[in-house]
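Chemist: Can you read through this structure? Questions will come right after.
The values are calculated or read from the model by the stated rules, or taken from the named source; none is laboratory data. Predicted model only: the values in this text are computed from it and were never measured. Every residue, glycine as well, gets a Cβ built from its backbone with ideal geometry; the counts of neighbours run over all protein chains shown.
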Amino acid sequence: MSNDALVCELNGVMDTVVVQPTPFCNIACTYCYLPDRDAKSVIAVDTVKTLFRKIFASPYAAPEITIIWHAGEPLVVPVAFYRQAFEAIEALRTEAIEVRHSFQTNGMLITSEWCDLFKQYEVGVGVSIDGPKPLHDAHRVTRSGRGTFDKTMGGIRCLQREGVPFHVITVVGKDHLDNPDRLIDFYIESGIEDVCFNVEESEGAHVSSLFAASDLQARYAKFLTRFWSLARGTGKFNFIREIDGLLPLVFRPNESLMRNQQVIPFAMLNVDCHGNVSSFSPELLGYKHPAYNDFIVGNILTDELEDMMQSGAMQAMRRDIEAGVQACQAECGYFSVCGGGAPVNKLSERGSFRATRTSYCALAQIAPVDVILAAFDRVADDPDAIAALAKASSAAAQWPVTAVT
Amino acid sequence: MKLPTKSVKILAALLPAGILGMSAALASTAPSAEADPAAASQGAAIRLAAIRDAVSSVTDQGIAEDPMAMDQNKDNMRVAWWGNHRWGNGGWHRRRWVNGGWRNGGWRNWHNGWRNW
């Protein structure tokens, strides 16, 4: 394929930029997959400027780009850095492109000063908390092994006090599977209304203890079913990502398209603090692999994005990831809602981008779709259910929502 | 496999409520304790395709609003949230729905995206 054809095909594809402002993390979760979380390097504002000058000038930039500040803990870098970086990005941005900033944080360092930044720039905030204190502190610990629950909750209370919307990500380990009721109680008591579950994955050097559990997919499906049913019954949850995020993929018309951003070159541009650039699954940045130049396609300080797209590492990754997607399409019944899986999980679990189903697929895609299809079946099998359904959906439509323009 | 007409009826009741209403309604169908959700995986590809056929039928017949048209309905943010995301093509929108839109991590789930944020 010629370079011109490639650019045309991928025009406007880049809608997510993941920036690692530092690999350093102030804690040491037992399931962390990051290889360099002790390193204290910080990205320079000039590197950020170069990065976004090149992105905005490239054909790949989407009209709307989300910038995720992620991995290690982004809040160990001072607020002042982000003010500088955000202002620099805003100055470089063209009218045709909008940007949103988002942080994924352990919440421990959140202060009113951070909240001011979040509100000023309408930053999306995700806080990592694994449920009530015993579940959270079992894995989310400091380097000396002390639990981090109290400090994370301090950050959440600060967000709530300052009126900053946020969601939480809870890593589901084997101890969570039998405790959906306990999680619901915790979220309600804590005023948490928007919930995402990430399963404990095998990535990098970390081998998931969850993946070793017996009858895992069925247990996780039952966990989700119970959580979904009870949580929606309380009327106190706005968003349960594992279900609500899949509903539009399951219940969509034929003419709609499905897009898996982890398998499209440059749909996600992932950049470390030294300016090294990768794509596809963001976790790949920092891993090693001789066949793919350690997943690095170039450096933003010295290379152009168009040249990175043509690099040997990008071509090799693209070739193998596409082969894996095609294999998924040929053999997996869930392809229409998944689009070919997560390359990092294929590589970590199966040793190849060309692989198909993984344990991560079973939990993150297959089990939730099964839960939704099972609920749909129960409606279809019950003659009275359609009327009840209309009543329930109508009642839900009365729930208060706040529109912000 | 359920009859398509039944699926159309169900979806005609569900789709106008948007994601939140649909989630609440489906969740209200409490399963029995011994129910095995994995049983739903039989013939998943065919069943998912049948659902898409039914959704197309509902929107074509005007039983539920065309999701693309819903996008223009600025007064109904819940319905707009459904439509704003182009039915799975990935979404991002100037307007925000605080209770489930972009700011709460919801918008990006319309495509199958990265989940660690």
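Chemist: Kindly provide the set of residues from region A:84-109 that are under 20 Å from the mean Cα position of the chain (by Cα) and closer than 24 Å to A:G147 by Cα, ordered by number.
Modeler: A:F103, A:Q104, A:T105, A:N106, A:G107, A:M108
Chemist: Quick test of your reading of the structure: A:R319 fulfils all but one of (1) crowded, with 16+ Cβ neighbours inside 10 Å; (2) within 20 Å of A:R354 (Cα to Cα); (3) of a type outside the set (D, E). Name the failing condition by number.
Modeler: (1)
Chemist: Just need a number here: residues in region A:303-317 that are in a loop (DSSP other than H, G, I, E, B) and of a type outside the set (S, T, Y).
Modeler: Qualifying residue count for the region: 3.
Chemist: Still on this structure, please answer the following. For region A:71-88, enumerate the residues that are within 14 Å of chain B (Cβ to nearest Cβ), touching a Pro at 6+ places or on another chain (Cβ under 8 Å) and either modelled with pLDDT of 95 or more or surrounded by fewer than 22 Cβ atoms within 10 Å (Cβ to Cβ) (or both).
Modeler: Matches in region A:71-88: A:P74 only.
Chemist: Report every pair of residues separated by at least 6 positions or lying on different chains whose Cβ atoms are under 9 Å apart, first residue within region A:357-369 and of a type in the set (D, E), second part of a helix (DSSP H, G or I).
Modeler: none
Chemist: Considering only region A:247-305, state which residues are free of Cβ contacts under 8 Å to residues at least 12 places away in the same chain and within 30 Å of B:D53 (Cβ to Cβ).
Modeler: Residues satisfying the conditions are A:P248, A:F251, A:R252, A:P253, A:N254, A:E255, A:S256, A:L257.
Chemist: Also, quick follow-up: Within the set of pairs 6+ apart or on separate chains, which have a first residue in region A:345-356 that is free of Cβ contacts under 8 Å to residues at least 60 places away in the same chain, a second that is of a type in the set (K, R), and C-beta atoms under 7 Å apart?
Modeler: So the pair list comes out as A:S352/A:K346; A:F353/A:K346; A:A355/A:K346.
Chemist: Another question, then. Out of region A:40-70, which residues are under 23 Å from the mean Cα position of the chain (by Cα), in a loop (DSSP other than H, G, I, E, B) and at pLDDT below 95?
Modeler: A:H70
Chemist: Moving to a separate point now. What single numbered condition from (1) surrounded by 23 or more Cβ atoms within 10 Å (Cβ to Cβ); (2) at the interface with another protein chain (Cβ under 7 Å from one of its Cβ atoms) fails to hold for A:E242?
Modeler: (2)
Chemist: For A:D181, only one of the following conditions fails: (1) touching a Leu at 6+ places or on another chain (Cβ under 7 Å); (2) closer than 21 Å to A:Y33 by Cα. What is its number?
Modeler: Among (1) touching a Leu at 6+ places or on another chain (Cβ under 7 Å); (2) closer than 21 Å to A:Y33 by Cα, the lone unmet condition for A:D181 is (2).
Rundown of residues vs (1) free of Cβ contacts under 8 Å to residues at least 40 places away in the same chain; (2) touching a strand residue (DSSP E or B) at 6+ places or on another chain (Cβ under 8 Å); (3) aliphatic (A, V, I, L, M), yes/no style:
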position: A:I97; (1), (2), (3): no, yes, yes
position: A:F118; (1), (2), (3): no, yes, no
position: A:Y121; (1), (2), (3): yes, yes, no
position: A:V127; (1), (2), (3): no, yes, yes
position: A:R146; (1), (2), (3): yes, no, no
position: A:G154; (1), (2), (3): no, no, no
position: A:L159; (1), (2), (3): no, yes, yes
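Chemist: Of the conditions (1) away from chain B (no Cβ under 14 Å); (2) in contact with a Pro (Cβ under 6 Å, 6 or more places away or on another chain); (3) not hydroxyl-bearing (S, T, Y), A:D46 fails just one. Which one is it?
Modeler: Result: A:D46 passes all but (2).
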